[in-house]
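Note sheet for the following structure.
What follows draws every value from the coordinates through simple rules; no lab data is involved. Model, not experiment: these values are computed from the prediction. Here Cβ is always computed from backbone atoms with ideal geometry, including for glycine, and neighbour counts include all displayed protein chains.
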There are 2 protein chains.
Amino acid sequence: MAHIKLKDEELPGIEGLLDYRPETAKPLRDLAETLLRGPSSLSSYEREIIAASVSYWNGCHFCHTSHAAAAAAYRNSGLDFIEDIKAGFVETEVSDKLRTLLHIARRVLWNGKNVTARFVEAARHHGATDMEIHDTILIASAFCMYNRYVDGLATWAPGPNEAYEAMGERMAYVGYGVSG
Amino acid sequence: MAHIKLKDEELPGIEGLLDYRPETAKPLRDLAETLLRGPSSLSSYEREIIAASVSYWNGCHFCHTSHAAAAAAYRNSGLDFIEDIKAGFVETEVSDKLRTLLHIARRVLWNGKNVTARFVEAARHHGATDMEIHDTILIASAFCMYNRYVDGLATWAPGPNEAYEAMGERMAYVGYGVSG
């Protein structure tokens, strides 16, 4: 049960919080929409992988599974992909550029200062642009926020991956601008 | 020097990043404006103290000093207050409610799951409402984002407290909606 009395206790994860406080929901939704679906030379698929990976490393089951399901929706290859994100892409081919961007995202986890020039240079070496490095660090930082918000208020989340399939499709193809 | 080539390298901290990427700047500014200056039963002074404290604990000099300067502007009692935020309020009287909310904010720092019922109950015992507990956790989470964004891209920041006085006044009395 959440730490506070929500208006609708059946809404999972961040959905119950966005419903509880519409004033803060708006910029939080706008930020997710811009970061994950706005104009960028990183695909939404790549950006959802960064979001899902950071959420997994932070131990946030709701954010990890929902964003991994969104990435799976872009792939259209089934929900096993969710487990492969946790495993660090044993089954799935990902580009060297995305791997080096994920290394940067991993460094953001505990403190921004852990992103050292060496990690930035490695990403650049594999073709990442300044804007892609910027977007990676901002997505990783933003999910350090969303994860803490969702877990800090002790929201509930469905367990099995299958429960996130429709949610992932909605996130990928409808977006973050509307609730439910 | 920042990890990426900014458009205006003279802008400190987050200002250079907001100028670099206007698309993401908008929801980031809207979120700060809503969290720190929007309608809430916590005063903007109290909310800036939470933001400044989290930023100090995360070791983000730019965010700590600028938001502490904003809190100091609301107090109108000089910049020594910035040091007293670092010290945990040795000189300044703060309410028991704010102290218990700061304990919650401190728990958010590494992982949201560290906010246990005991900390929430303590805040409630000292008069905090559900909405105030919500806002505290979201402000703490959001500054875990802003701090990582600012430090992850290795932005520069002025050193001395005095360099933040005008910035703090602008944040307190003009807000986060407009740059520079």
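If R0 equals 25 Å, the separation of the Cβ atoms of B:THR129 and A:TYR173 corresponds to a calculated FRET efficiency of about 0.10. Across peptide B:153-163, the mean count of Cβ atoms from other chains lying within 10 Å of each residue's own Cβ comes to 2. Residues within the reach of a label modelled at B:GLU83 (point 7 angstrom out along Cα to beta-carbon, backbone nitrogen below 13 Å), restricted to segment B:153-174, are B:161-162. When the scattering of segment A:44-173 is computed by the Debye formula from its Cα atoms alone, each counted once and equally, what is log10 I(q)/I(0) at q = 0.10, 0.12, 0.22 Å⁻¹? One equal scatterer on each Cα of segment A:44-173 leads to -0.30, -0.43, -1.31. Dipole of segment A:44-173 computed with +1 at Lys/Arg Cβ and -1 at Asp/Glu Cβ about the Cα centre; of A:ALA72, A:PHE143, A:VAL120, farthest Cα towards the positive end is A:VAL120. Applying a threshold of 22 Å to the alpha-carbon distances of A:LYS26/B:LYS26; A:LYS7/B:LYS97; A:LYS5/B:LYS113; A:LYS113/B:LYS97; A:LYS5/B:LYS97; A:LYS26/A:LYS113 flags A:LYS7/B:LYS97; A:LYS113/B:LYS97; A:LYS26/A:LYS113 as lying beyond it. Helix B:130-152 axis versus longest C-alpha principal axis of chain B: approximately 30°, rounded to the nearest ten.
Which shape class, rounded, prolate or oblate, goes with segment B:1-106 when its Cα gyration tensor gives a ≥ b ≥ c as root eigenvalues, a/c under 1.5 marks rounded, and past that a/b bigger than b/c marks prolate? Prolate, since a/c reaches 1.5 and a/b exceeds b/c.
Pairs of Cα atoms nearer than 8 Å and 6+ residues apart set the relative contact order; for segment A:25-92 it is 24 percent. When peptides A:55-62, A:22-29, A:114-121 are sorted by average Cβ neighbour count within 10 Å, with the highest value leading, the order is A:55-62, A:22-29, A:114-121. The mean sequence separation of alpha-carbon pairs under 8 Å and at least six residues apart, normalised by the residue count of chain B, gives a relative contact order of 35 percent. Between the beta carbons of A:GLU33 and A:ARG75, assuming R0 = 25 Å, the FRET efficiency works out to 0.75 to the nearest 0.05.
Residue of chain A with the smallest Cβ distance to the axis mapping A onto B, distance rounded to whole Å: A:MET145, 2. Sorted from closest to farthest, the other copies place their A:ASP96 label points 6.2 nm away, with each point set 7 Å from Cα along Cα→Cβ. Charge tally around B:GLY127: other residues with Cβ under 15 Å, Lys/Arg +1 each, Asp/Glu -1 each, net -3.
Note on segment B:1-34 and segment A:1-21: Cα centroid distance 31 Å, given to the nearest whole angstrom.
Placing a label point 7 Å from the Cα of A:GLY159 along the Cα-to-Cβ direction, the distances to the matching points in the other copies come to 5.7 nm, shortest first.
Based on alpha-carbon centroids, what's the gap between segment B:67-115 and segment B:128-180 in Å, whole number please? Comparing the Cα centres of segment B:67-115 and segment B:128-180, I get a distance of 13 Å. Here chain B is assigned +1 on the Cβ of each Lys and Arg and -1 on the Cβ of each Asp and Glu. Its dipole about the Cα centre then comes out at about 680 debye. Computed over the protein assembly as shown, the percent of Cα pairs more than 35 Å apart is 20. When restricted to Cα atoms, segment A:88-137 yields an Rg and a Dmax of 10.6, 32 Å, respectively. Helix A:61-75 and the long axis of chain A differ in direction by around 60°, with both axes built from C-alpha atoms. For A:ASN114, the distances from its label point to the matching points in the remaining copies are 1.3 nm, ordered from shortest, with each point set 7 Å beyond Cα toward Cβ.
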